[in-house]
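Visitor: Got a structure for you, written out below as structure tokens; questions coming shortly.
The values are calculated or read from the model by the stated rules, or taken from the named source; none is laboratory data. Remember, it's a predicted structure, so these values are computed and weren't measured experimentally. Positions of Cβ are backbone-derived with ideal geometry, glycine not excepted, and every protein chain shown enters the neighbour counts. Surface accessibility is based on the protein's heavy atoms, side chains included, excluding ligands, DNA and RNA. Shrake-Rupley method; radii C 1.70, N 1.55, O 1.52, S 1.80 Å.
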Amino acid sequence: LSTLMSAPPPPVTSTNTGKQFTHEVLLDGMLPGGESAEAYRGGLHVREHPRTGFFVEDLTELSASTREECRELLARGLANCAAEEARIGTGPGAPLRIHCLVTLRVRARAPDGEESCVDVQVLDLAGWVRDKPAPRGKGAPAPQAAIGEDMVVKAFLRIIGQLETLPEGHIPYRDSKMTRVVSPALGGAARCMLVMHVACDVYEETEAMLALAAKFEKISCAPAASTVNYPREVAARRDEAEALLRKLGRDPSGVRSKDFAIGAAVSDELLRARDLLAAAELLERDAAAWEDVVARSADFKADGGAAATANRADRKPHRVTDVTEDEDYAPCAPVSRTGSDGAVVAGRGGE
């Protein structure tokens, strides 16, 4: 189980162009919040694995073997989300809103070694906006970003609109960090359910939610099962690799994929054996991933998350604003160069 918060802070105005820029800060929901605007500096990073897709680096993942333990961990994450929501609009640097994503990864392993994995992602978007069409006609003003515009909500608008009109084309999942994380649920390989909260006294948001539901109704999904038998798959690849190595007159015992020296005149059988061993080693690492989560979760529960909070990666201090106060600051030595007109121009290195 993991809890992820998206906290868009107030927009920043560029000193050069005067335009406003918004960004998105991802916070670990299993760790307690900070006490000032420092809490919204930095944030977690979303990486992309070439095989498994997007993931959040350094996000706390905890294992639970019973329903009661799962409820306790979920209550902890939701309590931290509620504490962050209470800080909205409380001062400079406070977030504009808080989007919360709870991910439950359920693993089941059969006696024959077959393992199935199901991800359940519950995303709570804090409010919605009406999708306004862009101005048309010659001389129409270019659309400007509204003050405090939520880039997460706008990214969802673009994704849902593209899935509705042209699902075979490019889907802009990368427009925000949160949409990258939930891209498997929106990509058609999972069941996607929309739960709306409408209020009769809030017309604008209610109308926007109903329009979103109409778009979701046109999106089709084809869920795919995620089941693999790691011992069987690893054994099949290793047996085939060992047979190829014996055919080439090499001893297969203790050989790993990194032990091969591949040259220009290498045979196809040797390349095939190396690829099979690499695939087997990759499957072994995937099979051990769950044990790694269980071990880190045990350490987290042992001290109540104190060590994880002290070494957290989602909240970083301010950067040094005045470099002259830095101990490692060393000004560049003055240099001179000759201009195009022959005049000597004085300056510092790097200028």
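Visitor: Checking the table Lys177/Lys218; Lys19/Lys218; Lys19/Lys154; Lys177/Lys215 against a 27 Å threshold on Cα-Cα, which pairs fail?
Guide: Too far apart for the 27 Å limit: Lys19/Lys218.
Visitor: On alpha-carbon atoms, Rg over Rh for the stretch 226-280 using Kirkwood Rh?
Guide: Rounded to two decimals, Rg over Rh is 1.01.
Visitor: When all protein chains stay in place, what accessible area (Å², nearest 10, 1.4 Å probe) is found for Met209?
Guide: Roughly 20 Å² of Met209 is accessible to a 1.4 Å probe.
Visitor: Among 74-85, 106-117, 21-32, how do they line up by average Cβ neighbours within 10 Å per residue, starting with the highest?
Guide: 21-32, 74-85, 106-117
Visitor: A further question follows. Kindly rank 262-275, 173-186 from highest to lowest mean number of other beta carbons found within 10 Å of each residue.
Guide: Ranking the peptides 262-275, 173-186 by packing returns 173-186, 262-275.
Visitor: Okay, next question. Between the stretch 221-284 and the stretch 154-185, how many Å separate their Cα centres?
Guide: Taking the Cα centre of the stretch 154-185 as reference, the centre of the stretch 221-284 is 36 Å away.
Visitor: Two decimals, Cα atoms only, Kirkwood Rh: what is Rg/Rh over the stretch 204-249?
Guide: Result: Rg/Rh = 1.62.
Visitor: Give the Rg (one decimal place) followed by the Dmax (whole number) of the stretch 171-301, computed from C-alpha coordinates and expressed in Å.
Guide: Reported Rg and Dmax, both Å: 24.5, 80.
Visitor: Roughly what would the spin-label model give for Ser257 and His45, points 7 Å off Cα along C-beta, in nm?
Guide: Here the modelled spin labels are 2.4 nm apart.
Visitor: Output the peptides 55-62, 118-125 sorted from most to least packed, where packing is the average of other Cβ atoms within 10 Å over each peptide's residues.
Guide: Top to bottom by mean Cβ count within 10 Å: 55-62, 118-125.
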